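The values are calculated or read from the model by the stated rules, or taken from the named source; none is laboratory data. Computed from a predicted model, the values in this text were never measured in an experiment. FYI the Cβ positions are ideal-geometry reconstructions off the backbone, even for glycines, and counts take in every protein chain you see. The accessibility values were calculated without ligands, DNA or RNA, using every heavy atom of the protein model including side chains. Shrake-Rupley method; radii C 1.70, N 1.55, O 1.52, S 1.80 Å.
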Amino acid sequence: MTDRYAVFGNPLSHTKSPFIHAEFARQLGDDLSYEAIEAPRDGFEAAVRSFVAAGGKGFNVTVPFKVDAARLADEAHEAVVICGASNCVKVEDGRLVAENFDGVGLVRDIVDNLGVALADARVLFAGAGGATRGAIVPFFEAGVREIVIANRTVAKAEHIRDLLRARGPIRACGYDDIGTGFDIILNSTSASLSGAALPIPDTAFHGVRLAYELAYGKGKTPFLQMAEAGGAEHLADGVGMLVEQAAEAFAWWRGKRPNTAPVIEAMTIPLE
Ligand code: ATR
């Protein structure tokens, strides 16, 4: 019987997950279906229960249901506990086991695809939402020397710092207190979705090896333009992170790892 997977979200008109998982399945000769299920905003749990009752084996979760997925889970892995949000669930004997692969996917993209070392790197995250929260532990596990979180609302950055300071050196600040000497700067705010610029000082980009926009397919965003003008060596958007987190999910569900390179290549939109 065809194994059923899905992504739950609302809206889902732009989701790339069905394409990515179809490519993985084709590559590995797996018989599976992967649907986009746009659940009503107050109907996530009912939609999940009906999917599981119909034999669904696993699913991804996107906006606005990631926190609901964490709450609904019978068992949650550490990344979910830290973020309070899940982007991937496996159904095991009817139980929902929750994971969050966004942080791991980001690390894999930077190290394996972009070839930028995280070991001993000084890293700046702009933004203190779920994306930053999920990336901190995987970044420390990859050996970064220091993480700085800058946010418009400084208290949110301080909260993440207090939550995760036992994992490694971490500093929280506002945009006026960022400093210099970074190897990697990431934009994990939602500012690019509205085309807004961030008040990161030009000097912060001097000597930066990689400026990474977590959003996918937005072209050369104001953040990437600033990074380029400030002297950042490489620019990237979140296409690799998107495909790598999907590959983590596929490997977890199916026990085999797809080749991400051709899928990233097919989905890359040039940064012009
Ligand atoms: P997610 O969970 O997707 O990471 P989120 O929790 O909504 O997103 O967080 C969005 C992030 O983008 C926050 O860090 C937010 O800053 P505040 O905490 O100060 O609100 C940031 N953000 C959004 N628009 C911004 C803008 N125009 N300028 C600066 N920061 C912005």
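Roughly how many debye, to the nearest 20, is the charge dipole of the chain about its Cα centre, given +1 on each Lys and Arg Cβ, -1 on each Asp and Glu Cβ, and no other charges? List each step's numbers first, then the result.
Details: 26 positive and 35 negative charges, 58 e Å.
About 280 debye.
Using 0.36 nm per residue of separation minus the Cα-Cα distance, give me the extension gain between Thr268 and Ala197 in nm, one decimal.
Working: separation 71, 0.36 × 71 = 25.56 nm, distance 2.28 nm.
Length gained between Thr268 and Ala197: 23.3 nm.
Specify which residue in the list Pro199, Met241, Asn113 is farthest towards the positive end of the charge dipole of the chain, using unit charges on the beta carbon of Lys, Arg (+1) and Asp, Glu (-1), about the Cα centre.
Working it through, the farthest residue towards the positive pole turns out to be Pro199.
So for region 3-100, what percent of the C-alpha to C-alpha distances run longer than 19 Å?
Values: 1811 of 4753 pairs.
More than 19 Å apart: 38 percent of the Cα pairs in region 3-100.
Could you tell me whether region 1-52 comes out rounded, prolate or oblate from its Cα gyration tensor? Rule is a ≥ b ≥ c as square roots of the eigenvalues, rounded for a/c under 1.5, then prolate if a/b exceeds b/c, otherwise oblate.
Details: a/c = 4.83, a/b = 1.62, b/c = 2.98.
Verdict is oblate for region 1-52.
With a 1.4 Å probe and all protein chains left in place, how much accessible area per residue does the chain have, in Å²? If you can, show how the numbers build up before the last one.
Working: 11860 Å² over 272 residues.
Value returned for the chain: 44 Å² of accessible area per residue.
First compute the accessible area of region 1-131 with a 1.4 Å probe, then give the percent of it belonging to carbon and sulfur atoms.
50 percent
Place the peptides 157-169, 243-255 in order of packing, highest mean first, counting for every residue the other Cβ atoms within 10 Å and averaging per peptide.
243-255, 157-169
Looking at region 80-235 from every direction and averaging, what is the projected area of its Cα convex hull in nm²?
Over every viewing direction, the Cα hull of region 80-235 projects on average to 9.4 nm².
With both partners inside the chain, how many of the DSSP beta bridges are antiparallel, as a percent to the nearest 5? Before the final figure, lay out the partial values.
Details: 8 of 41 bridges.
Roughly 20 percent of the DSSP beta bridges within the chain come out antiparallel.
Please work out the Cα center distance from region 178-215 to region 52-74, rounded to the nearest Å.
So the separation of the two Cα centres works out to 32 Å.
What is the distance in Å between the Cα centres of region 78-139 and region 226-272?
If you average the Cα positions of each part, the centres end up 14 Å apart.
Farthest toward the dipole's positive end in the chain, which of Phe19, Gly94, Leu214, given Cβ charges of +1 (Lys, Arg) and -1 (Asp, Glu) about the Cα centre?
Gly94
Measure of size requested: the Rg and Dmax of the chain, with Cα atoms as the atom set and Å as the unit; please supply both.
18.4, 57
Highest GNM mean-square fluctuation, the chain, Cα pairs closer than 10 Å: which of Phe205, Phe65, Phe19?
Phe19
Determine the alpha carbon to alpha carbon distance for each of Lys16/Lys66; Lys90/Lys218; Lys90/Lys256; Lys66/Lys218 and list only those over 20 Å.
Working: Lys16/Lys66 17 Å; Lys90/Lys218 31 Å; Lys90/Lys256 15 Å; Lys66/Lys218 22 Å.
From the list (Lys16/Lys66; Lys90/Lys218; Lys90/Lys256; Lys66/Lys218), the Cα-Cα distance tops 20 Å for Lys90/Lys218; Lys66/Lys218.
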